[in-house]
Amino acid sequence: MTPPPVAGGSYVALIGLGSNQGDRPLFIRKALTALAHSTRCRLVAISPLYQSDPVGNPNDPNPYLNAVCRLETDLSARQTLDRLLDIEKSLGRVRRERWGPRTIDLDLLFVGDKIVEESGLTLPHPLATQRSFVLEPATQIDPEFRDPISDSPLHEIRNSLRTRGDWTPLQRLDFPMPQELTSRQEIRQFIQTSREKGQTVGFVPTMGYLHEGHASLLRQARLENDLVILSIYINPLQFGPEEDFEQYPRDKKKDFELARETGTDAILTLSEEPMYSPEHATYVEVKELTDHLCGASRPGHFRGVTTIVTKLFGLVSPDRAYFGQKDAQQAIILRRMTIDLEMNTKIRILPIVRESDGLALSSRNVYLDEKQRQEALGLHRSLLRAQELVASGERCTETIDSAVRDILNTCDGAQIDYIGLVDSQTLQPVERLERETLLALAVHFGRTRLIDNTLLTPLA
């Protein structure tokens, strides 16, 4: 069964969103933004958008735009439902008839493994496992989530409906292809035009070879900003002399398609100009935070990261920039850098996106052969073991380190680079868990170096 509470006593809730009146993407975006800023709630994942024909009302000609989001909340199921109704009301939803058209429809589909039958509240939603416009987007963000009635994962329920032919076709929303910005002049003109219109800019810097982890950043940026800009640049300053700069995977066509699917407006490639001139002599360094973990294993790496991000921020001037928790040390360093240099950009850090078996998504996963891919699952197993120890009251980092190391040592061919238990703000090593602590791992599988992490929070 799906475990009822997640870390911190919260529950995972899946919320269905639909709109078939007015500016449908705008209404869904506004609803998601309201959820993202709702107290005692954390918006974790958002599905792609799908279009479907209206159900139950043959006189309604307008197709629906649908999505599903994954929420973590410590609100009760009834409180969560009330919160959804309040958001609907704030967006002009008037509940007159069951199958009538609506600006926004928010359905509470699942709350953990709860089965509820009360006045005005039924969980799971009675039709959640019968509708393609629920199952397809839900499967995109949480395929292993189990329906508490049948105890079946959502992806199995979806596949069963498809096999039986009981499946209503869906159309994935077709955003236009993003504009490619290849020169500094194009970038500056694009930004100037957006600022003249009073538009906000969300920015996702990447080295390309995009995957669902990057997509989650782009979708969140789409929710919170008028414009979304992605950069694709494989930064040579981030690679050491023995590292994989030349072999780093590249797939421009695939990257542009993923960016299109997430509604990205522009992609900065600077394909016509170098990022570093022959006379380049300025670098950005953040002291102390770069001395540990990956900074110790990869000297100069973070100087490359902070330098390129500073240059990109100078070109794009984003209101918000989005990074993943998988690169936890990088995120902490960049947040410190923007504060110290008084950059007017808010750093947003989003949760790690994993494969269904727990492996954190990474562009470097493509290097793993089948056996290495299986052994790499030890990373996630070791993190889960650490979480179990802390939940049971363990506070000694030496004990936690030993348990993590024991699991990693059972992974055939794994070579541990580091296991770090450090303060989540200062990155200084800690001996006992007194407050939030970052457990960070770096392990080689063959020539492939993978990182992963989790935040450990001792309960009072």
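The values are calculated or read from the model by the stated rules, or taken from the named source; none is laboratory data. Predicted model, so just to flag it, every value in this text is computed and none were measured. Methodologically, a virtual Cβ is constructed for each residue, glycine included, from the backbone with ideal geometry; neighbour enumeration extends over all protein chains shown.
Key figures for this structure:
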{"read-out": "Those residues of the range 348-367 which are of a type in the set (Ser, Thr, Tyr) and either on the phi > 0 side of the Ramachandran plot or touching a Lys or Arg at 6+ places or on another chain (Cβ under 8 Å) (or both), in sequence order", "value": "SER362, TYR367"}
{"read-out": "Any strands (runs of 3 or more DSSP E) falling wholly within the range 12-78 and containing at least 1 residues that are over 20 Å from GLN140 (Cβ atoms)", "value": "41-46, 64-73"}
{"read-out": "Selection count where residues are touching a Phe, Trp or Tyr at 6+ places or on another chain (Cβ under 9 Å) and either closer than 12 Å to VAL390 by Cα or of a type in the set (S, T, N, Q) (or both), scope the range 411-460", "value": "2"}
{"read-out": "Candidate set from the range 159-196 (those that are basic (Lys, Arg) and farther than 27 Å from ASP255 by Cβ); member that is surrounded by the fewest Cβ atoms within 10 Å (Cβ to Cβ)", "value": "ARG164"}
{"read-out": "Top-ranked residue in the range 387-445 [being over 22 Å from ILE332 (Cβ atoms) and among the charged types (D, E, K, R); ranked as nearest to the chain's Cα centre (by Cα)]", "value": "GLU388"}
{"read-out": "Yes/no for VAL390 being of a type outside the set (Ser, Thr, Tyr) and either farther than 21 Å from ARG42 by Cβ or modelled with pLDDT under 95 (or both)", "value": "no"}
{"read-out": "Unmet requirement for MET275, which otherwise passes all of (1) in contact with a strand residue (DSSP E or B) (Cβ under 6 Å, 6 or more places away or on another chain); (2) more than 25 Å from ILE451 (Cα to Cα); (3) of a type in the set (A, V, I, L, M)", "value": "(1)"}
{"read-out": "The range 93-123: number of residues that are touching a Lys or Arg at 6+ places or on another chain (Cβ under 8 Å) and at pLDDT 90 or above", "value": "6"}
{"read-out": "Cross-chain or 6+ apart pairs with Cβ under 7 Å, the range 391-403 first and closer than 12 Å to LEU433 by Cα, then exposed (fewer than 11 other Cβ atoms within 10 Å of the Cβ)", "value": "THR397/GLU431"}
{"read-out": "Filtered residues of the range 54-77 (kept if modelled with pLDDT under 85 and either in contact with a Lys or Arg (Cβ under 8 Å, 6 or more places away or on another chain) or crowded, with 19+ Cβ neighbours inside 10 Å (or both))", "value": "VAL55, GLY56"}
{"read-out": "The range 130-149 residues that are over 15 Å from SER47 (Cα atoms), paired with ones that are polar (S, T, N, Q) (beta carbon under 6 Å, 6 or more apart)", "value": "ARG146/THR2; ASP147/THR129"}
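Residues are listed down the side, and each one gets a yes or a no for (1) assigned by TED's automatic domain parsing to the domain that holds GLY202; (2) closer than 19 Å to ILE347 by Cα; (3) at pLDDT 90 or above; (4) touching a Pro at 6+ places or on another chain (Cβ under 6 Å):
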| residue | (1), (2), (3), (4) |
| --- | --- |
| GLN220 | yes, yes, no, no |
| ASP226 | yes, yes, no, no |
| PRO241 | yes, no, no, no |
| GLU246 | yes, no, no, no |
| ARG250 | yes, no, yes, no |
| ASP255 | yes, no, yes, no |
